[in-house]
Amino acid sequence: MSDLKAPAPASDRATTDDAAAATKSPPATGRERRQHERRILRTLAQLVFKDHAPVTVRTLDISTGGLGFVTDANPPLGLVLQLKLRIPRRPEGFDEHLVSGQVTHCAYCRQEGGFKVGLAFVQPSASFQSCVQAFMKGSSSLGQPRPG
């Protein structure tokens, strides 16, 4: 398995086709650790490092408190990462942000083909928070709430 200190080669190509799959996730229940409502956000993002090339990851969902993504690496709990993320906005396009987050959960998931990582945002900017809140309210051109 790779680790974040020695990333596997990553594609420089960022696609937005998967971002069209943005919908609301069900509220947290049972053993769920999340404290915020999530919205599915399927796109590519970049983990940004000072010492080496960015690593492309696949996002799963987002909330005002954090983000879920899949990667080939197995980051340790507590690690703080920098993530370059594009969030859909209305009426079209994306807002790109660089945000810090701390790894709160990481487990291998065969179905996703990698490690599912839970990241809690660390001191996100006001503009980032505003963008995520607009996306969560469905103010983006992509995604509709999932039927209950």
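Read the figures in this text as sums done on the coordinates, not as results from a lab. Quick caveat, the model's predicted, so the values are computed rather than measured. As a convention, Cβ positions derive from the backbone with ideal geometry for all residues, glycine included, and neighbour counts pool all protein chains shown.
Values computed for the structure shown
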{"item": "Relative packing of 96-102, 121-127, which averages over residues the other C-beta atoms within 10 Å, highest first", "result": "96-102, 121-127"}
{"item": "Neighbour-count ranking [beta-carbon atoms within 10 angstrom, fewest first] of ILE62, ILE87", "result": "ILE87, ILE62"}
{"item": "Considering only region 36-136, percent of DSSP beta bridges that pair antiparallel, nearest 5", "result": "100"}
